[in-house]
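> Mind having a look at this structure? Questions to follow.
The values are calculated or read from the model by the stated rules, or taken from the named source; none is laboratory data. As the structure is a computational prediction, the values presented were derived from the model and not from experiment. Note that we place each Cβ from the backbone using ideal geometry, even for glycine, and neighbour counts take in every protein chain shown. To get the accessible areas, we keep the full protein, side chains included, count just its heavy atoms, and leave off ligands, DNA and RNA. Shrake-Rupley method; radii C 1.70, N 1.55, O 1.52, S 1.80 Å.
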Amino acid sequence: CIVGRDGSAYLERWLLTERSDGGHVYLHRIVRSDEDRQLHSHPWCATSLILLGSYIEERRYNDVAGGYGVQRRRYVPGEVNVIDADTFHRLDITSSEVWPLFVTGPKVRDVWSFWDRDTLALTPWREFVAAKGLVPL
């Protein structure tokens, strides 16, 4: 279970199986949107199949001027969201809860981080949560 600042659940997850390549298959239950404006990355590539519920993903992209932008896309049941290890994103759920089947590949980096869309700064996740007074599990 991943919890928010107030100690209540943000995401519950169940490990269904470990893959032979070091990846995992999870069933997720997302019960609320990401709390922060910052977008986060993961240390692996993943595929998320939306089973129930919906969300809007904000995702960083490279713009033609060499900078970054943020685009929004809605995901509904039956749709697949492919998330590379260098993808920065955040979720706003648009239903009471979202149930995706979440399949990760093997780790391709040791850390994940947060990207600030205003300052463009990258912050390793442990520093990010510590600055908010949270304790990593």
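> Test residue 78 against the stated conditions and say whether it is modelled with pLDDT of 95 or more, small (Gly, Ala, Ser), open to solvent by 20 Å² or more (accessible area, probe 1.4 Å) and more than 17 Å from the chain's Cα centre (by Cα). Don't jump to the end; show me each part of the working.
Working: modelled with pLDDT of 95 or more: yes; small (Gly, Ala, Ser): yes; open to solvent by 20 Å² or more (accessible area, probe 1.4 Å): yes; more than 17 Å from the chain's Cα centre (by Cα): yes.
Taking the combined requirement at face value, the residue satisfies it.
> Which count do you get for residues in region 103-132 that are assigned to a loop (DSSP other than H, G, I, E, B), over 30 Å from residue 20 (Cβ atoms), at pLDDT 85 or above and charged (D, E, K, R)?
The total comes to 3.
> Since residue 95 meets every condition but one in (1) open to solvent by less than 50 Å² (accessible area, probe 1.4 Å); (2) of a type outside the set (A, V, I, L, M, F, W, C); (3) assigned to a loop (DSSP other than H, G, I, E, B); (4) under 28 Å from residue 20 (Cα atoms), which condition does it not meet?
Of (1) open to solvent by less than 50 Å² (accessible area, probe 1.4 Å); (2) of a type outside the set (A, V, I, L, M, F, W, C); (3) assigned to a loop (DSSP other than H, G, I, E, B); (4) under 28 Å from residue 20 (Cα atoms), only one is false for residue 95: (4).
Quick grid of which residues meet (1) surrounded by 12 or more Cβ atoms within 10 Å (Cβ to Cβ); (2) at pLDDT 95 or above; (3) part of a strand (DSSP E or B):
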| residue | (1), (2), (3) |
| --- | --- |
| 11 | yes, no, yes |
| 17 | no, yes, yes |
| 26 | yes, yes, yes |
| 34 | yes, no, no |
| 42 | yes, no, no |
| 51 | yes, yes, yes |
| 58 | yes, yes, yes |
| 66 | no, no, no |
| 82 | no, yes, yes |
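> Right, something else. Restricting attention to region 110-130, report how many residues are in contact (Cβ under 8 Å) with a residue 60 or more places away in the chain, over 14 Å from residue 36 (Cα atoms) and of a type outside the set (Val, Ile, Thr).
Residues in region 110-130 being in contact (Cβ under 8 Å) with a residue 60 or more places away in the chain, over 14 Å from residue 36 (Cα atoms) and of a type outside the set (Val, Ile, Thr): 2 in total.
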